[in-house]
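The values are calculated or read from the model by the stated rules, or taken from the named source; none is laboratory data. Just so you know, these numbers come straight off a predicted model, no measurement behind them. Reconstructed Cβ throughout: ideal geometry from the backbone, glycine too, with neighbour counts over all protein chains shown.
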Amino acid sequence: MQLLKKDNWFLHSILNSYSQVFFSNKKSFAVMIMLITFVDFYTGIAGLFSVVVTITLANWVGLNKFKIQEGYYGFNSLLVGLGIGIYFQPGGLLFFIVLLAGVLTLLISVALEGVIGKYALPYLSIPFVLSLWALTLASREFSALGLNERGIYTLNDLYIIGGNLLVQMYEWWNNIALPFSIRAYFLSLGAIFFHYNVLVGIIIAIGVLIYSRIGFTLSLIGFYTAYFFYSIIGAQFSEVTYSYIGFNYILTAIAIGGYFIVPNFRSYLWSVLLIPLVAILTISLSTVLAPYHLLIYSLPFNIITLLFLYFLKFRLDKIDKLNTVVIQQNSPEKNLYFFVNFQERFGKDSPTPIYLPFYGEWVVTQGHNGKYTHKDNWKHAWDFEIKNEEGKLFQNSGDFTDDYYCYNKTIIAPADGIVENILDDIPDNIIGEKNLKDNWGNTVVIKHDDNLYTKLSHLKAGTIEVKEGDKIKRGDMLGKCGNSGNSPYPHLHFQVQNTPYIGSTTIDYPISNYFLKTSDDAELKTIAVPEKDNVVSNLKTNPALKKAFHFIPGEKLKFNVADDTEYDVEWEVKIDYYLNKYIQCENSKAFFKVDNAMLYFTHFEGNKKSLLYYFYLAAYKVCLDFNKDLTLQDSYPLNMIFSSKKLFFQDFIAPFYRYKKGKYSLTYISMNNHLFDSQIMLEAKTTATVFGKIKSEINFKINIDNSGLKEFNIKSKHKSVKACIKK
């Protein structure tokens with residue numbers, strides 16, 4: 001069994017090395033590309049041998065196994081092997097040179113990963129270009145290495161592979177009457193793998209279309225932008241078709257338009273703007289390299305793409321413009337759907353969550369753009385106090401600080417961070433008076449991230465429990481609410497800012513995961529800005545819900561499942577190399593995070609007919625603080641709800657408009673409390689809509705008791721499943 005797993009890993013590494021040329025890890029696309037390389041049998045063998053050498057060596061020396069399996073090291077060696085195999089005659093010497101080329105390419109890849117990787121930039125196909133240049137120059141002295149003369153025998157090779165039918169298809173497509181530009185487009189696609197014929201280009205185009213509709217669209221945009229640019233400047237596009245370097249425009253458009261940048265109108269626009277620069281580099285570099293009889297290969301694509309990605313790192317305002325892909329899904333569509341969904345769920349302006357800095361219910365007595373203060377550069381702030389059931393802020397006459405319900409209450413850290421600044425020697429004011437000299441009073445400033453700080457002011461003197469430089473966790477005690485500084489009545493001033501100073505201007509930043517008290521009950525706010533008179537509180541944790549959904553790495557869950565048959569299923573909670581937590585069932589994984597009494601499932605991969613997939617849908621978002629009749633709403637990434645076939649047409653226009661939706665809701669139905677027992681019922685629903693019309697629904701029921709998950713039921717039009725936990 002262990003050998004089988006190793007072989008599967010090795011096979012995945014080989015296949016991904018082929019598909020990564022187009023930034024993909026789709027296995028069917030990889031098989032298609034692999035078969036294409038064998039149009040010239042010995043070229044295909046050389047490419048495959050080079051990949052095997054690289055993967056074996058990378059694994060042997062202990063390089064990152066994830067990167068090996070994803071094909072990040074192998075695809076450059078594939079291209080080098082194909083380049084050598086197409087130019088030289090087969091034989092033992094050729095494959096010895098290919099072996100050396102695989103080693104050289106891997107060394108260059110790792111070196112560039114260390115140099116360019118420091119700036120979080122990819123090395124793309126630079127190792128391929130450098131390695132093939134080195135071998136091309138050196139091979140001029142290899143008198144024993146003959147040049148390839150197999151071109152005249154291509155039809156014989158095809159006959160061996162696919163018989164007379166394949167030969168006829170090859171000849172028919174290569175001789176078909178096509179407009180000049182379309183023919184050049186197909187030839188450019190084929191040239192990526194050193195095959196200069198229309199049929200190969202057509203097959204690759206079909207593969208790109210199946211793999212990614214956005215990628216296919218961008219390939220056309222990139223190529224035809226270059227085609228029209230050549231026409232405008234009066235350059236001969238025939239030179240491009242002669243050397244088949246149009247793939248530089250295709251790869252640049254895909255990389256910028258949808259792979260490294262989340263696809264949208266701006267990414268498409270930038271692709272169009274950058275293609276002329278690629279054309280200029282193509283023309284100029286071809287002139288520079290001509291005396292050395294070197295081809296430019298993919299060098300212009302590499303230079304422009306890396307320059308642009310590096311350029312983006314110096315932006316100060318990244319929101320709503322060009323968003324670089326942080327978690328690579330190896331598909332423009334998946335990158336888009338994941339990014340859009342993440343923004344909808346967690347807010348586009350709050351990558352680091354900030355929570356309320358207190359326990360219990362507090363009221364916002366002054367919000368943003370306040371009546372008395374909170375104006376101009378300090379307008380994005382909140383004042384918090386505590387009211388009793390009658391709506392009063394104080395007891396007795398309110399003449400003393402102790403009369404106020406918020407006075408001397410504990411103030412906690414709103415997120416993990418480092419204490420940056422403290423002021424703790426200003427006495428409380430007499431009620432009604434202000435200390436304008438020490439405006440902010442006793443204050444704690446905390447750094448949570450680069451350019452992200454919170455400031456908590458008007459604290460009680462002598463109560464601050466932390467000191468500058470302390471590392472603190474969310475919920476750690478900071479001090480007590482007081483009445484120091486510009487504060488006529490006890491309250492907490494809270495703001496988010498970009499700089500570490502007391503008195504810094506504020507920024508507009510939302511609060512994560514809190515309850516807003518309404519006339520009927522409470523409403524969960526995942527990402528929101530509390531407004532004046534809002535009564536808000538932090539989430540608490542219900543023990544039964546925590547037991548059910550607080551999954552711990554190493555934990556195993558066993559279910560007895562009954563649908564058409566009866567069988568057992570076992571899940572295991574794991575954590576990966578990047579500290580991401582997930583539940584695994586055979587080859588399926590459901591990734592999740594637990595955040596401030598909230599459980600979120602963030603990603604699923606594997607079998608969409610498995611029990612784990614339906615649990616991912618049902619428990620997509622769970623609040624671990626029970627409130628009867630509370631209903632949570634959320635949305636799924638489209639590719640998690642709709643099959644690739646059903647998204648085919650949506651994908652083409654997805655960067656601009658999405659008419660399909662995947663909606664989630666969870667309702668807290670009941671909780672029966674007994675002295676030693678709790679019974680909780682949750683009902684969830686997954687809804688798929690097209691242009692606002694419901695196309696399908698799946699209903700779930702989750703039963704929980706004091707021991708955790710008890711029962712999980714699935715009900716849809718075509719499916720009815722009952723899964724009971726096995727103790």
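Things worth noting here:
- Residue match in the range 534-551 (condition: farther than 30 Å from Met681 by Cα, of a type outside the set (Ser, Thr, Tyr) and touching a strand residue (DSSP E or B) at 6+ places or on another chain (Cβ under 9 Å)): no
- Options Lys471, Lys434, Lys480: the member that is free of Cβ contacts under 8 Å to residues at least 60 places away in the same chain and under 44 Å from the mean Cα position of the chain (by Cα): Lys471
- Filter result for Ile214 (within 17 Å of Thr252 (Cβ to Cβ), modelled with pLDDT of 90 or more and in contact with an Asp or Glu (Cβ under 8 Å, 6 or more places away or on another chain)): yes
- Restricting the range 60-103 to residues that are in contact with a helix residue (DSSP H, G or I) (Cβ under 6 Å, 6 or more places away or on another chain) and either hydroxyl-bearing (Ser, Thr, Tyr) or free of Cβ contacts under 8 Å to residues at least 12 places away in the same chain (or both), the residue that is nearest to Ala138 (Cα to Cα): Ser77
- Criterion applied to Ile704, Ile680 was being over 26 Å from Ile527 (Cβ atoms), of a type in the set (A, V, I, L, M), out of contact with any Cys (no Cβ under 6 Å at 6 or more places or on another chain) and surrounded by 15 or more Cβ atoms within 10 Å (Cβ to Cβ), and the one residue passing it is Ile704.
- The single residue among Ile116, Ile108 that is in the same structural domain as Ala46 (by TED's automatic domain parsing), crowded, with 19+ Cβ neighbours inside 10 Å and assigned to a helix (DSSP H, G or I) turns out to be Ile108.
- Among the residues of the range 712-725, just one is part of a strand (DSSP E or B), more than 32 Å from the chain's Cα centre (by Cα) and farther than 10 Å from Val561 by Cα, namely Ser720.
- Out of Lys661, Lys581, Lys609, Lys628, sole residue that is out of contact with any helix residue (DSSP H, G or I) (no Cβ under 8 Å at 6 or more places or on another chain), among the basic types (Lys, Arg) and within 28 Å of Lys693 (Cβ to Cβ): Lys609
- Strands (runs of 3 or more DSSP E) contained entirely in the range 346-429, each with at least 1 residues that are under 16 Å from Pro488 (Cβ atoms) and of a type in the set (S, T, N, Q): 361-366
- Residues that are of a type outside the set (A, V, I, L, M, F, W, C) and touching a Lys or Arg at 6+ places or on another chain (Cβ under 7 Å) number at least 3 in the following strands (runs of 3 or more DSSP E) confined to the range 562-643: 566-575, 581-585, 598-605.
- Answer residue from the range 428-458, given it is buried (at least 16 other Cβ atoms within 10 Å of the Cβ) and in contact with a helix residue (DSSP H, G or I) (Cβ under 9 Å, 6 or more places away or on another chain) and is nearest to Asn408 (Cα to Cα) among those: Asp428
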